[in-house]
Amino acid sequence: MIWSDAQMYCRQHYTDLATIDDHMDLSELLRSVHQDYKGNVWIGLHRKGAKAPWIWSDQSKSTFMPWAPMQPNNYGSNQYCVIVADGAVNDLDCQNKFPSVCYTDRADTEGEGTHRRCKTVVENPIRWKCLPKEPEV
Ligand SMILES: [Ca+2]
């Protein structure tokens, strides 16, 4: 999907496109993704224009943006959306079609009122990574 479709899809079916909070979160994301896919995936990081700040789709305040070397470079002056590739992030043209990583907030049954975020990789066709498919309503 292109980035905006991925955002819409994640918001409809999960909580939102994935946010990365820290190195642990990045490792978990890579582990989810790399089960059988090594390519680029959209995450929730994006911006409205070349001068605009980078923001997360879910309004997260996370400042963890593990840019690959020389990134973000806004190559071609239209790279406003962000992928994870090779364990780092890179800005790309939002019109590219990639699988995306959504997340779901859900109660952690072993925690004490804390939540954990389950990440799910979405492709065309949709592949379910860490949550069972929800019944059709
Ligand atoms: Ca780039």
Residue match in region 9-29 (condition: polar (S, T, N, Q) and touching a helix residue (DSSP H, G or I) at 6+ places or on another chain (Cβ under 9 Å)): yes
Test for Val89: is it among the β-branched types (Val, Ile, Thr) and either at pLDDT 95 or above or in contact with a Phe, Trp or Tyr (Cβ under 6 Å, 6 or more places away or on another chain) (or both): yes
Pick from region 78-87, criterion surrounded by 15 or more Cβ atoms within 10 Å (Cβ to Cβ) and within 13 Å of the chain's Cα centre (by Cα), ranking: farthest from the ligand (Cβ to nearest atom): Val84
Residues of region 20-79 that turn out to be touching a strand residue (DSSP E or B) at 6+ places or on another chain (Cβ under 6 Å) and part of a helix (DSSP H, G or I), as a count: 3
Members of region 1-58 that are of a type in the set (Gly, Ala, Ser) and farther than 18 Å from Asp91 by Cα: Ser27, Ser32
Residues satisfying the stated conditions in region 50-77, i.e. more than 9 Å from the ligand (Cβ to nearest atom), within 15 Å of Trp3 (Cβ to Cβ) and surrounded by 14 or more Cβ atoms within 10 Å (Cβ to Cβ): Trp54, Ile55, Trp56, Ser57, Asp58
Unmet requirement for Cys10, which otherwise passes all of (1) closer than 16 Å to Asn96 by Cα; (2) modelled with pLDDT under 95; (3) of a type outside the set (S, T, N, Q): (1)
Residues within region 33-46 that are surrounded by 17 or more Cβ atoms within 10 Å (Cβ to Cβ) and touching a residue at least 40 places away in the same chain (Cβ under 8 Å), tallied: 7
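The values are calculated or read from the model by the stated rules, or taken from the named source; none is laboratory data. Note that the structure is predicted; figures quoted are calculated from it, not measured. Don't worry about glycine lacking a Cβ; one is built from the backbone with ideal geometry, like all the others, and counts go over all protein chains shown.
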